[in-house]
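Below you'll find the structure, written out as structure tokens, and then a few comments.
The values are calculated or read from the model by the stated rules, or taken from the named source; none is laboratory data. Keep in mind the model is a prediction, meaning the values are calculated, not measured. Positions of Cβ are generated from backbone atoms using ideal geometry, with glycine treated the same way; all protein chains shown enter the neighbour counts.
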Amino acid sequence: MADEKPTKKTLDIKRRPMPKQDHHERIKNFEEVALGYPVPTAREEASRCLDCKTALCNKGCPVGIDIPGFIKRIVEGDFAAGIRKIKETNALPAICGRVCPQEEQCEKMCVLGKKGEPVSIGRLERFLADWEAGQDKIEIPVMAPKTGKKVAIVGAGPAGVTVANDLLILGHDVTIYEALHECGGVLIYGIPEFRLPKSIVKREVDYVRRLGAKIEMDFIVGTTRTVDELLEEFDALFVGAGAGLPWFMEIPGENLNGVYSANEYLTRVNLMKGYRFPEYDTPVKQPARVAVVGGGNVAMDSARTAVRLGADEVHLVYRRSRTELPARLEEVENAEEEGVIFDLLTLPVRLIGDENGWIKEMECLEMELGEPDDSGRRRPVPVKGSNFLMPADAVVIAIGNSPNPLIPMTTPGLELNKKGGLMTSPETARTSKARVWAGGDVVRGAATVISAMGDGRIAAASIHKYLTGQE
Amino acid sequence: MYEVIERRMIVPNLHEFTVRAPAVARSVKPGQFVIVRPEENGERIPLSVADWDREAGTVTSIFMQVGASTAKLARLKPGQTIPTYAGPLGRKTDIENFGTVLLVGGCYGIGSIYPVARALKEAGNKVYTFLEARGSFLLYWEDKLAAASDGMFIATRDGTKGRKGHIADMPAMLSAAGITPDRVIVNGCTFLLMRTSELTRPLGWKTVVNMNPIMIDGTGMCGVCRVSVGGKMKFACVDGPDFDGHEIDWAEFLARRKSYGPEEVDPLRRSSCASHF
């Protein structure tokens, strides 16, 4: 040990893998799958960054994080400065580091990715956030003097929390109204514990509370008080009410017992902790053969949840091929490792029940890929006469959802977009109603956490301009 | 946290439950419901609202003890607190001057029909109330309902009050009194909602039922409360809970209502006293 000489550094440009819980073990628990970089690995990975003069990665980030800026601090070993850099523009780094689709955003732009593999920007973001959480104290940023302006925020999900963060730092007074009994929105009810531990969501919400946000729980804006009533008291209002009713396929048998929307299935397990029934009172069924319909991240979350609830067989039924799966590749691979059976190019056409009204089997059609459709993906076309029966004692339908209807139902003067969400201007996130802004799933339907946060940033900037008379 | 003001068994197995929740009390309307969690690990259950005091900031429901969660609610004492009391939720019952309205209540619905009666009376309707119960010992709030009604009919299975009979006797009782309602509104257990709808369909009486499916969030997100209405998928928490009783697929609704029956009761079996059996 003593006479070991420092060896000359050779340029190792291989992307560092992140340790994961072994798949034989993790299918038996709900604990986080990805374990995060240890310090030496994080510094090695950070040193892969070329610190480009014109950094393209920044442009791929919906909230505009100074990516080479924070990575440089990791190389230098100044983690406190690194997390400060991220928090200049992102209130939820521990969450974004875990659930953002970096491969389609910042990492897609990384120069290293042109020839090899991009820098693991998401994992490094997560590393800094987790490092900070392990410290004694969380730093509070410099706050602007109080402006005396009051802003109401509907929903404590990623959009609302981002708006709150930005406006508090700018000196405005913020009250968040949350309909559920926990803060975090989809981060709490939708994304499973094994992908995003709930303690992290609590920590990030607590941070915004420490910046001075007031949070009113069990408060349903629209019925507990209307938007117009709140506007009498507040100078501006942001609607981040989130996702609404789940979509179904509109085929026979969808109201059979044992047929769930992914929203219901995941809410029972995540928000209500059904996987710990009867310690927690909300039950969730534990059937032997589960079929999940859909191909996005929510479908992967549902299938992997079913595996952990002890199903013998979990099938993921998707009408296109593996290439077209909208879920993140990482999640697809995780699901495959965990034993989820992918029934691709398969379309359910009828759900069939037993004599007591419980799902028994699903009639499906085989599909083949035809010409590209409007989305640019090849259109799935049924193979004539290919009908077959797939046994299932639970079906989870994960094909998307519409924006939450409560605010449009109870608020005059709000124009809606084609999806039934609130119509907003992309530059300002302003709605058609004076002093009302909106963003996230209540505008877009089912989208991503980071796009909701991006909307939140735009809205906060526009609200600030309005409140300070700059427009 | 929300303070329990009153929780007493008003008749066997039915509890009157009053909670301080000023934000709900301020805005609640007839036909709406609240979502309640009895304790930190508890589930979210919907309760129809039966009364409120806007000035005192209190809201009252009548609930029946059926499973583990309602058993927890039934053990609460005044002064204790519960972690969740969210609302009001759902659309309010349509209140206009319809002419003559018959309100049918049973079980917890004898309570939740009361604010509907009061509002319809204020809107200028002739309001008649029909209460159904197994025996007189299961009736409550008759005086409150009488004050909000122009006339009251009661049918009990054992004949201890009113006519010996049940909801099936309702059309004959009304016709004997010379009453033809322009609208019927039903609150109570699923069987009462369904039976009343079956009875009024051939008579052509418009019938509104206040549905009571399983719910989780209650805010238009989870989709568990779906009901087939006129062949279309509707969600009771945001499209209802009031629907046209003649359009509901009752067989499907009954099956869905029972889907968690074993889990509702199972924790009770695990409780210490039950283990002696």
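Within segment B:225-240, is there a residue that is among the polar types (S, T, N, Q), in contact with a strand residue (DSSP E or B) (Cβ under 6 Å, 6 or more places away or on another chain) and either at negative phi or within 10 Å of another protein chain (Cβ to nearest Cβ) (or both)?
Taking every residue of segment B:225-240 in turn, none turns out to be among the polar types (S, T, N, Q), in contact with a strand residue (DSSP E or B) (Cβ under 6 Å, 6 or more places away or on another chain) and either at negative phi or within 10 Å of another protein chain (Cβ to nearest Cβ) (or both).
Suppose we filter A:ILE220, A:ILE188, A:ILE215 for residues that are closer than 30 Å to A:ALA303 by Cα and under 23 Å from the mean Cα position of the chain (by Cα); which single one remains?
Details: A:ILE220 fails: closer than 30 Å to A:ALA303 by Cα; A:ILE215 fails: closer than 30 Å to A:ALA303 by Cα.
That would be A:ILE188, the only listed residue that is closer than 30 Å to A:ALA303 by Cα and under 23 Å from the mean Cα position of the chain (by Cα).
Looking at segment A:331-362, which of its residues are acidic (Asp, Glu) and either in contact (Cβ under 8 Å) with a residue 24 or more places away in the chain or within 14 Å of another protein chain (Cβ to nearest Cβ) (or both)? Break it down stepwise before answering.
First pass over segment A:331-362, keeping only residues acidic (Asp, Glu): A:331, A:333, A:336-338, A:343, A:354-355, A:361.
Selection gives A:GLU331, A:GLU337, A:GLU338, A:ASP343, A:ASP354, A:GLU355, A:GLU361.
Go through segment A:255-284 and report how many residues are surrounded by fewer than 21 Cβ atoms within 10 Å (Cβ to Cβ), more than 7 Å from every other protein chain (Cβ to nearest Cβ) and in contact with a strand residue (DSSP E or B) (Cβ under 7 Å, 6 or more places away or on another chain).
Residues flagged as surrounded by fewer than 21 Cβ atoms within 10 Å (Cβ to Cβ), more than 7 Å from every other protein chain (Cβ to nearest Cβ) and in contact with a strand residue (DSSP E or B) (Cβ under 7 Å, 6 or more places away or on another chain) within segment A:255-284 amount to 1.
Regarding A:LEU389, is this residue away from chain B (no Cβ under 14 Å), buried (at least 16 other Cβ atoms within 10 Å of the Cβ) and in contact with a strand residue (DSSP E or B) (Cβ under 6 Å, 6 or more places away or on another chain)?
Details: away from chain B (no Cβ under 14 Å): yes; buried (at least 16 other Cβ atoms within 10 Å of the Cβ): no; in contact with a strand residue (DSSP E or B) (Cβ under 6 Å, 6 or more places away or on another chain): yes.
No.
Considering only segment B:72-101, how many residues are on the phi < 0 side of the Ramachandran plot and assigned to a loop (DSSP other than H, G, I, E, B)?
Total satisfying the criteria: 14.
Please go through segment A:346-371 and pick out each residue that is touching a Lys or Arg at 6+ places or on another chain (Cβ under 7 Å), of a type outside the set (Ser, Thr, Tyr) and surrounded by 18 or more Cβ atoms within 10 Å (Cβ to Cβ). Working first, answer last.
Step one: filter segment A:346-371 for residues touching a Lys or Arg at 6+ places or on another chain (Cβ under 7 Å), giving A:346-347, A:352-354, A:363, A:367, A:369-371.
After this cut, where a residue has to be of a type outside the set (Ser, Thr, Tyr) as well, the list is A:347, A:352-354, A:363, A:367, A:369-371.
A:LEU347, A:GLY353, A:MET367, listed by residue number.
Hey, can you tell me all the residues within segment B:37-60 that are in a strand (DSSP E or B) and touching a helix residue (DSSP H, G or I) at 6+ places or on another chain (Cβ under 7 Å)? Steps first, please.
Initially, segment B:37-60 is screened for residues in a strand (DSSP E or B), giving B:37, B:45-53, B:58-60.
Listed by number, the residues that qualify are B:ILE45, B:SER48, B:VAL49, B:ALA50, B:ASP51, B:TRP52, B:ASP53, B:THR58, B:VAL59.
So which residues in segment B:1-32 are over 14 Å from the mean Cα position of the chain (by Cα), surrounded by fewer than 20 Cβ atoms within 10 Å (Cβ to Cβ) and in a loop (DSSP other than H, G, I, E, B)?
Hits for segment B:1-32 are B:MET1, B:PRO12, B:ASN13.
Might you check whether a residue that is of a type in the set (Asp, Glu), within 10 Å of chain A (Cβ to nearest Cβ) and surrounded by fewer than 24 Cβ atoms within 10 Å (Cβ to Cβ) occurs anywhere in segment B:33-41? If you could, list the steps in order and put the result at the bottom.
Taking segment B:33-41 first, the residues of a type in the set (Asp, Glu) are B:39-40.
Next, from what is left, pick out any that are within 10 Å of chain A (Cβ to nearest Cβ): B:39-40.
Restricting the remaining residues to those that are surrounded by fewer than 24 Cβ atoms within 10 Å (Cβ to Cβ) gives B:39-40.
Yes, segment B:33-41 contains at least one residue that is of a type in the set (Asp, Glu), within 10 Å of chain A (Cβ to nearest Cβ) and surrounded by fewer than 24 Cβ atoms within 10 Å (Cβ to Cβ).
Do the conditions hold for B:GLY42, that is, is it in contact (Cβ under 8 Å) with a residue 60 or more places away in the chain and not charged (D, E, K, R)? Spell out how you get there, then give the answer.
Values: in contact (Cβ under 8 Å) with a residue 60 or more places away in the chain: no; not charged (D, E, K, R): yes.
The answer is no for B:GLY42.
Residues in segment B:42-84 that are among the charged types (D, E, K, R) and more than 11 Å from chain A (Cβ to nearest Cβ): how many? Outline the logic, then answer.
The initial filter retains those residues of segment B:42-84 that are among the charged types (D, E, K, R), namely B:43-44, B:51, B:53-55, B:72, B:75, B:77.
Pick out the ones that are also more than 11 Å from chain A (Cβ to nearest Cβ) and you get B:51, B:53-55, B:75, B:77.
Qualifying residue count, segment B:42-84: 6.
Take segment A:404-449 and flag every residue that is crowded, with 24+ Cβ neighbours inside 10 Å, closer than 21 Å to A:GLU178 by Cα and among the β-branched types (Val, Ile, Thr).
A:ILE407, A:THR431, A:VAL436, A:VAL442, A:VAL443, A:VAL449
Looking at segment B:241-255, which of its residues are in a loop (DSSP other than H, G, I, E, B) and either within 11 Å of another protein chain (Cβ to nearest Cβ) or over 20 Å from B:THR84 (Cβ atoms) (or both)?
Filtering segment B:241-255 down to residues in a loop (DSSP other than H, G, I, E, B) leaves B:241, B:245-247, B:249.
Of everything in segment B:241-255, those that are in a loop (DSSP other than H, G, I, E, B) and either within 11 Å of another protein chain (Cβ to nearest Cβ) or over 20 Å from B:THR84 (Cβ atoms) (or both) turn out to be B:GLY245, B:HIS246, B:GLU247, B:ASP249.
Would you be able to say whether some residue in segment A:309-317 is in a strand (DSSP E or B), more than 14 Å from every other protein chain (Cβ to nearest Cβ), farther than 24 Å from A:ILE450 by Cβ and among the acidic types (Asp, Glu)?
Yes, some residue in segment A:309-317 is in a strand (DSSP E or B), more than 14 Å from every other protein chain (Cβ to nearest Cβ), farther than 24 Å from A:ILE450 by Cβ and among the acidic types (Asp, Glu).
Taking into account only those residues within segment B:256-271 that are more than 9 Å from every other protein chain (Cβ to nearest Cβ) and surrounded by 12 or more Cβ atoms within 10 Å (Cβ to Cβ), which is modelled with the lowest pLDDT? Spell out how you get there, then give the answer.
Of all residues in segment B:256-271, those more than 9 Å from every other protein chain (Cβ to nearest Cβ) come to B:257, B:261, B:265, B:268-269, B:271.
In the following step, the residues that additionally are surrounded by 12 or more Cβ atoms within 10 Å (Cβ to Cβ) were identified as B:257, B:265, B:268.
Numbers: B:ARG257: 84, B:VAL265: 64, B:LEU268: 55.
Residue satisfying both the conditions and the ranking: B:LEU268.
Hey, can you tell me all the residues within segment A:389-417 that are without any contact (Cβ under 8 Å) to a residue 40 or more places away in the chain and closer than 19 Å to A:GLU250 by Cα?
A:LEU389
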